[in-house]
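As structure tokens, the structure follows; a few thoughts come after it.
The values are calculated or read from the model by the stated rules, or taken from the named source; none is laboratory data. None of the values given here were measured: they were computed from a predicted structure. Positions of Cβ are backbone-derived with ideal geometry, glycine not excepted, and every protein chain shown enters the neighbour counts. The accessibility values were calculated without ligands, DNA or RNA, using every heavy atom of the protein model including side chains. Shrake-Rupley method; radii C 1.70, N 1.55, O 1.52, S 1.80 Å.
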Amino acid sequence: MITAEQQKELQDRADKLRDYLQIDDKREQLAEEELRTQAPDFWEDAKAAEAQMRKVKQIKAWIDGYEGVRSATEELSLSMEYFREGICDEEEVDHAYSHALAEVEALEMKNMLSHEEDQMPAVLKIVSGAGGTEAQDWAEQLMRMYQRYCEKHGYKTMITNLQDGDEAGIKTVTFTVEGDMAYGYLKSENGVHRLVRVSPYNAQGKRMTSFASVFVVPLIDDSIEIDINPAGLSWDTFRSSGAGGQNVNKVESGVRLHYKFKNPLTGLDDEIVIENTETRDQPKNRENALRHLRSELYELELEKRRQAQAKVEAGKKKIEWGSQIRSYVFDDRRVKDHRTGYQTSNVGAVMDGDIDEFIKAYLMEFE
């Protein structure tokens, strides 16, 4: 059973969160911001109104997060009193402590996500590496892992582009993730994910290594200005493939955007290629592809800032874009993150979307 010291330490952490997050000030701010939404002409400027509603939602999310912490710590305190009076047992107290600890840690981790982009939705793209069917199957497993993670956290996902593998799996998939702090949490997944297993696609039953790259960028809206040079844009159209109804393979609704520009990280000429098959409406797919382009350009600018900051903070580890970040060794029942050293033997849970501890370890070390 937990000790009185453990309870006090947890209560102290909760009190510090209340002070650090300025919860009382946020309650006053929320009342003021909600009052603005009640103006008769509030929805006349739809873009400004949507921005205001997002602001209200973000403030309310911090207050709700702290209320969860406060409720859980009060429940723990009550359980300790009940135990002393013989009304409940040790198991109930320990359960209340575990719940309160989880609430406090979740809010502490969320508090690390203080950058503007952390609040945004995300675009997550998975690309299979060399290795044919085995690598394409691995990419599909990663897609399922992230979809399960999003389901558990109440995030809404929408596939915007999917290319099936030659025999099984997928070559690439891009999907959007909308929800509280989606980019802030998922940005830790950027990089190369390595699988080691006895391949079911190998007749000799050999142990094989496969790779897939994961790219995560913040999904920005029209409130953030991104300069796009029209001269650098070009378009292709193509017929979508896979399930999708009568238009599939009949109408060229899929779009492929090419954007040539000078990369702010390298100073060299570069090209971004984005495919979108989200809808059967080609103009809508063009609009979605442009939004994704703005998101990728925004991420490049953020990376430029991060690299400049890293030069100043030379003591911190450098995180290279596209570096190998995690190994999944199925036979040895081990998943290890090479950046933080965190690992687990519960491979099945990880592949079912239980990656919170990996994300937490990353944020604790790098944020």
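Structure notes:
- Total residues in the range 329-349, condition closer than 25 Å to Gly154 by Cβ, buried (at least 17 other Cβ atoms within 10 Å of the Cβ) and in contact with a helix residue (DSSP H, G or I) (Cβ under 7 Å, 6 or more places away or on another chain): 3
- Glu151 being surrounded by fewer than 18 Cβ atoms within 10 Å (Cβ to Cβ), without any contact (Cβ under 8 Å) to a residue 12 or more places away in the chain and over 30 Å from Asn202 (Cβ atoms): no
- When residues of the range 110-134 are limited to those that are more than 14 Å from the chain's Cα centre (by Cα) and buried (at least 18 other Cβ atoms within 10 Å of the Cβ), the one modelled with the lowest pLDDT: Gly131
- When Trp43, Trp62 are screened for being under 29 Å from Leu302 (Cα atoms) and modelled with pLDDT of 90 or more, only Trp62 passes.
- Flag for Tyr362 being open to solvent by less than 50 Å² (accessible area, probe 1.4 Å) and modelled with pLDDT of 90 or more: yes
- Across the range 54-73, the number of residues qualifying as surrounded by fewer than 15 Cβ atoms within 10 Å (Cβ to Cβ) and either in contact with a Ser or Thr (Cβ under 8 Å, 6 or more places away or on another chain) or farther than 23 Å from Arg27 by Cβ (or both) comes to 0.
- Any hit, the range 130-152, residues being among the basic types (Lys, Arg) and in contact with a strand residue (DSSP E or B) (Cβ under 8 Å, 6 or more places away or on another chain): no
- Count of residues meeting criterion [aliphatic (A, V, I, L, M), at pLDDT 90 or above and surrounded by 15 or more Cβ atoms within 10 Å (Cβ to Cβ)] in the range 236-282: 4
- Test: residue in the range 288-300 that is more than 17 Å from Ala231 (Cβ to Cβ), open to solvent by 60 Å² or more (accessible area, probe 1.4 Å) and among the hydrophobic types (A, V, I, L, M, F, W, C): no
- Out of Ser79, Ser98, sole residue that is part of a helix (DSSP H, G or I) and surrounded by fewer than 16 Cβ atoms within 10 Å (Cβ to Cβ): Ser98
Each row is one residue, and each column tells you yes or no for (1) in contact (Cβ under 8 Å) with a residue 60 or more places away in the chain; (2) under 21 Å from Lys360 (Cα atoms); (3) in contact with a helix residue (DSSP H, G or I) (Cβ under 6 Å, 6 or more places away or on another chain); (4) open to solvent by less than 30 Å² (accessible area, probe 1.4 Å).
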| position | (1), (2), (3), (4) |
| --- | --- |
| Gln136 | no, no, no, yes |
| Gly165 | no, no, yes, yes |
| Gly184 | yes, yes, yes, yes |
| Asn190 | yes, yes, no, yes |
| Phe211 | yes, no, no, no |
| Ser234 | no, no, no, no |
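- Selection status of Glu5, assigned to a helix (DSSP H, G or I), closer than 30 Å to Ser79 by Cα, of a type in the set (Asp, Glu) and open to solvent by less than 70 Å² (accessible area, probe 1.4 Å): no
- Scan of the range 154-163 for residues that are closer than 25 Å to Val255 by Cα and surrounded by 15 or more Cβ atoms within 10 Å (Cβ to Cβ), ordered by number: Thr157, Thr160, Asn161, Leu162, Gln163
- When the range 120-161 is filtered for residues that are over 27 Å from Lys110 (Cβ atoms) and assigned to a helix (DSSP H, G or I), the ones remaining, listed by number, are Thr133, Glu134, Ala135, Gln136, Asp137, Trp138, Ala139, Glu140, Gln141.
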